[in-house]
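So the structure is just underneath, and the comments pick up after that.
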Amino acid sequence: MIPKGDHRDVEAALRADGWTPCGAGDWAIALRSPDGTRAARITPFDPTGPYAATLYREAAHTRQVPELFDHRRLTGGGDLQVMEFLRPVEEAEAVAFQSAIGARAAEVAELADIVRRVHERARRELPWCGPLDANPANVMRAADGRLVVTDLFYADGPNLYTADPALIVARIPEGERRFMADIPFASTGPWKPGEQEALRAGIESAQRDADAG
């Protein structure tokens, strides 16, 4: 049973149940289930999480996205996805698969259409939604040998995290950005000393100004 709460509550509960760390990126950490068949992607803040879950559900019949067992939004803007455990693939194979999606090749045409439809929705509805992520690392292999694509949608971090705090407050509700400064930042980071505190302070100040009218 996964408790309600924020990313820390969920991580603590899964670790207590025997899940172990198996990866970390800029936005999320991953834990592997005790039997090795599932992975939990846990992030403190990810506006695009629901769109990724939508893609996995709508494209499930293609077998070219991960099997999604659970998805839920977490307190404060975090996101949890529990999916089948995946392994990396060789870069050349991953690049070819991403290129096929981009070109709408016949073997991935239905997937490509769903990707574009969900991404267009995300771009309409989300501030700072980035373009499709063609990173080869997002192509992985499932236990049955098929290739799948993950994490195609992302928030435009470089622009979001350097934006005027007043604009962040105006465009992202407090309940969806409470843990903005707590993302792992493991790939392109780490956070510089004082950066997280400055981000929190700037947003809190802008929220006070907004509340004051």
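The values are calculated or read from the model by the stated rules, or taken from the named source; none is laboratory data. Computed from a predicted model, the values in this text were never measured in an experiment. All Cβ positions, glycine included, derive from the backbone under ideal geometry; neighbour counts span all protein chains shown. Remember, those area values only see protein heavy atoms, side chains included, never the ligands or the DNA or RNA. Shrake-Rupley method; radii C 1.70, N 1.55, O 1.52, S 1.80 Å.
Which of the residues spanning region 24-45 are free of Cβ contacts under 8 Å to residues at least 40 places away in the same chain and either surrounded by 15 or more Cβ atoms within 10 Å (Cβ to Cβ) or β-branched (Val, Ile, Thr) (or both)?
Residues of region 24-45 that are free of Cβ contacts under 8 Å to residues at least 40 places away in the same chain, as a first pass: 30-31, 34-35, 42.
Result: 30, 31, 42.
Can you pull out every residue in region 46-73 that is open to solvent by less than 30 Å² (accessible area, probe 1.4 Å), among the hydrophobic types (A, V, I, L, M, F, W, C), closer than 22 Å to residue 184 by Cβ and in contact with a strand residue (DSSP E or B) (Cβ under 6 Å, 6 or more places away or on another chain)?
Once the filter is applied, which keeps residues that are open to solvent by less than 30 Å² (accessible area, probe 1.4 Å), among the hydrophobic types (A, V, I, L, M, F, W, C), closer than 22 Å to residue 184 by Cβ and in contact with a strand residue (DSSP E or B) (Cβ under 6 Å, 6 or more places away or on another chain), region 46-73 yields only 53.
Yes or no, residue by residue, for (1) farther than 14 Å from residue 47 by Cα; (2) open to solvent by less than 30 Å² (accessible area, probe 1.4 Å); (3) in contact with a strand residue (DSSP E or B) (Cβ under 8 Å, 6 or more places away or on another chain):
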{"position": "153", "(1), (2), (3)": "no, yes, yes"}
{"position": "158", "(1), (2), (3)": "yes, no, no"}
{"position": "166", "(1), (2), (3)": "yes, no, no"}
{"position": "170", "(1), (2), (3)": "yes, no, no"}
{"position": "174", "(1), (2), (3)": "no, no, no"}
{"position": "190", "(1), (2), (3)": "yes, no, no"}
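Every residue, every condition in (1) of a type in the set (D, E, K, R); (2) at pLDDT 95 or above, yes or no:
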site: 1; (1), (2): no, no
site: 20; (1), (2): no, yes
site: 33; (1), (2): no, yes
site: 45; (1), (2): no, yes
site: 51; (1), (2): no, yes
site: 59; (1), (2): no, yes
site: 72; (1), (2): yes, yes
site: 92; (1), (2): no, yes
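(1) open to solvent by 20 Å² or more (accessible area, probe 1.4 Å); (2) assigned to a helix (DSSP H, G or I): which one isn't true of residue 178, the others all being true?
Condition (2) is where residue 178 drops out.
Would a scan of region 74-86 turn up a residue that is modelled with pLDDT of 95 or more and farther than 29 Å from residue 160 by Cβ? Give the derivation first.
Residues of region 74-86 modelled with pLDDT of 95 or more: 74-86.
Of the ones still in play, those that are also farther than 29 Å from residue 160 by Cβ are 84-85.
The answer is yes, given that some residue of region 74-86 is modelled with pLDDT of 95 or more and farther than 29 Å from residue 160 by Cβ.
Answer yes or no: is there a residue in region 2-18 that is free of Cβ contacts under 8 Å to residues at least 40 places away in the same chain, surrounded by fewer than 16 Cβ atoms within 10 Å (Cβ to Cβ) and touching an Asp or Glu at 6+ places or on another chain (Cβ under 8 Å).
yes
Starting from region 137-163, keep only residues that are without any contact (Cβ under 8 Å) to a residue 40 or more places away in the chain, then list their pairs with residues that are aromatic (Phe, Trp, Tyr) and open to solvent by less than 50 Å² (accessible area, probe 1.4 Å) whose Cβ atoms are within a distance under 8 Å, requiring at least 6 positions of separation or different chains.
156/128; 159/128; 160/128; 163/128
Here are 204, 120, 197, 107: which of them is within 30 Å of residue 87 (Cβ to Cβ), open to solvent by 60 Å² or more (accessible area, probe 1.4 Å), free of Cβ contacts under 8 Å to residues at least 24 places away in the same chain and assigned to a helix (DSSP H, G or I)?
Details: 204 fails: within 30 Å of residue 87 (Cβ to Cβ); 120 fails: within 30 Å of residue 87 (Cβ to Cβ); 197 fails: within 30 Å of residue 87 (Cβ to Cβ).
Being within 30 Å of residue 87 (Cβ to Cβ), open to solvent by 60 Å² or more (accessible area, probe 1.4 Å), free of Cβ contacts under 8 Å to residues at least 24 places away in the same chain and assigned to a helix (DSSP H, G or I) holds for just one of 204, 120, 197, 107, which is 107.
Since residue 162 meets every condition but one in (1) open to solvent by less than 30 Å² (accessible area, probe 1.4 Å); (2) β-branched (Val, Ile, Thr); (3) assigned to a loop (DSSP other than H, G, I, E, B), which condition does it not meet?
Tallying (1) open to solvent by less than 30 Å² (accessible area, probe 1.4 Å); (2) β-branched (Val, Ile, Thr); (3) assigned to a loop (DSSP other than H, G, I, E, B), residue 162 fails exactly one: (1).
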